[in-house]
Structures are given as C-alpha cells and as structure tokens.
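Every number in this text was worked out from the coordinates using simple rules, so none of it is lab data. All values derive from a computational prediction rather than experimental measurement. FYI the Cβ positions are ideal-geometry reconstructions off the backbone, even for glycines, and counts take in every protein chain you see.
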Amino acid sequence: MTPRKPTLHDVAAAAGVSIAAVSFALRDKPGVSPETKERVLAAARELGYTVNLPARSLRTSRYGAIGLYLPPGSTRLPYYTEFAFGVVDAADRLGLSVILLPHRDTDDDSPPTAFVDGYIVVDATTEDAGIRGILDAGRPVVSGEHVLGGDERVSGSVVYDHVTATTRLLDHLSAAGAHRIAAVLPPDGTAWSRDVADAYAAWTAGRGDDPLSRRIGFIPTAAEVAAAVDDLLTIAEVDAIVVVPSGSAAPALDSAHRAGRRVGEDLLLAAYVDEPLHGLLTPSVTSFDLEPRDVGAACVALLAEVWDADPHDRVRAIQPRLLVRDSTSRAR
C-alpha cells in the first residue's frame, strides 16, 4: 500500500499550531514568530512534507483571491453574514482577499468571471446556475455543507452532523416531557435540510409515530411560519414543535401565544439555527449554535490545504452545540 502523503493539517498538529500559521511559515510570510516558523519547518522536515509546487504557484503567482458564493436571498440571515465574516477574517490572515460573487439568471451557468484561485460555497445545490458555473470553472471548490447533486465535484467540505444533532434535540424535548413533537421544515432542496427531515422521520418512526411536519420556504415570511405553526397546533396531542428554517422562532412564539399555549410549560418550542434574537425573546428559545464564523474559517483552512496538498480527510464534520433555554427547560 502506498503511504499517505503528509498534509498541511499533519504539520500543524505536529508543530502544535494552526493551519494558518503553518501556511505563513512555509510561505515565508510575516505573521508568525521566528520560533514558530522554526518549529513548523522542523515538523515539516520530520514528516517529509513537501509543498505542491503547481498548487503553490496557483495561489501565490496568480490572483491571491477566493471567490465566495452565498445562497440567493441569504444575506439578510445572521448565519450567512457570520459565515462570510469567518471566511474574510481567515483569508486575511493568509494574505488573501475575498470576492463576493453575484447571483446569476436561472439559465446562465457559465463560469464566473472573477479572477480567483478557488471558491467557497455554502448550502449549495446544482439546481442553482451559479453553483453549476463554479463547478465548471476548473478551480478548487470547498463547500460549507455537502453540495446537493454535485458533492463528488468539490475538493472538500466542512459539514455539520445534522442527523446526530437532530436526534439530540428530539431526545432533549422528550426528556423535558414532550410526547408528540411536530416540525416545521425547509424545502427538500439542500443536503442539510434532507438530513434534518430524514432524522426527524426516523426518530418519530422509532417511537411508533408518523411524522407531523409542515414545509415552508428556505427563507420564510412571518406569515408562512405562522400558518404552519397554527396548523400544527390544531392537532391536540402536539406538545412540542421544532422550527428549522432561520427566522422562524419569533413568529412561532406569536402563534403559540395566540393559540393560548404557554411556551416552556404546556408547549415546548425549539429552533434549529440559533440567532442573536433567540436569547432576547420571552421565553428565550432553545436552538443550536452552529458557530458559522468558525465554519467559514475552517472552509478557508481546508481550501489552503487543498492548494498545498491532497488532504486525506476531505470532509470535516462538526457537532453543533445545543443551547438549552427557557422554551424547553421546564419539564411538564
């Protein structure tokens, strides 16, 4: 068997520093101390790490830029804003700039015209013409979450373990006294939304129940959320609801109050994606901290590793952190 080539990640682990520090040291760029640089170089020598010269040339001799593509309509959601800042901060530490790519007409899947050395995309699907163009551009692509319909064409991915997270949230609601948990789900148009929906269906089936769910838009209006929650609350046995699309928690609380339900007492409510507002609502709403800045930075680090070597772990999995708040913390 051919031995696995050491990667940038291996050098960072051996030297006890970040991937960004390794990249600075190997590129002889300012930003690390002489002691750190020597430690990195010694670790690289010991591991037999060699720089991928064609890839290094691609990064340092051409554009010094990363193309960032966000889902259409997503820029008003806190998750994507934080993800973008994470990308920009991490790229800046590597001496790279970031170009936010525009969205295309639905029938325009030509490659982007921006001069970049690689791309970062998030919550992507090949139903989006912009994603098809990026995948056809011939440059490395790293995705936040799997790319639905094109995962085999990306160089690497940083993903959440949504199946484990969804199961953990449902187990938490059950332990807090919920017996019939309903869900408000996004469209079946991204890899992560499928994972969450499948995990919810499997969890309920494992308890001998049928799923009780409603679908709304990926970026829903308050009226959409209210209609879905109002409908679920007509089912008498529903005593907990998980709202998955971003921006759903506040309208869901309003619906519960109009129905005469006491959230945190006779109705448990949880959101999937945490937002700054959730801690300020009454009651505050349980949700997952997806740490989007860290994920954006991890995408940049993985892209840097792709440039310098062939990473042995092209998929990096992250466990979301459950923030238990008043909306689910009071057992019935």
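Quick rundown of the values:
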{"quantity": "Top positive-direction residue, dipole computed over the chain with Cβ charges, set Ala236, Tyr160, Ala44", "calculated": "Ala44"}
{"quantity": "From the coordinates shown, percent of Cα pairs over 34 Å apart corresponds to which of [x] 47; [y] 39; [z] 33", "calculated": "[z]"}
{"quantity": "Fewest-first ranking of Phe218, Phe85, using other Cβ atoms within 10 Å as the exposure measure", "calculated": "Phe85, Phe218"}
{"quantity": "Sequence-separation-based contact order of the chain, relative, with Cα cut under 8 Å and 6+ spacing, percent", "calculated": "20"}
{"quantity": "Helix axis angle, 222-232 relative to the chain longest principal axis, alpha carbon, degrees", "calculated": "50"}
{"quantity": "q = 0.22 Å⁻¹: log10 I(q)/I(0) that the Debye formula gives for the range 8-50, counting C-alpha atoms only", "calculated": "-0.56"}
{"quantity": "Principal-axis tilt of helix 249-258 within the chain, Cα atoms, nearest 10 degrees", "calculated": "0"}
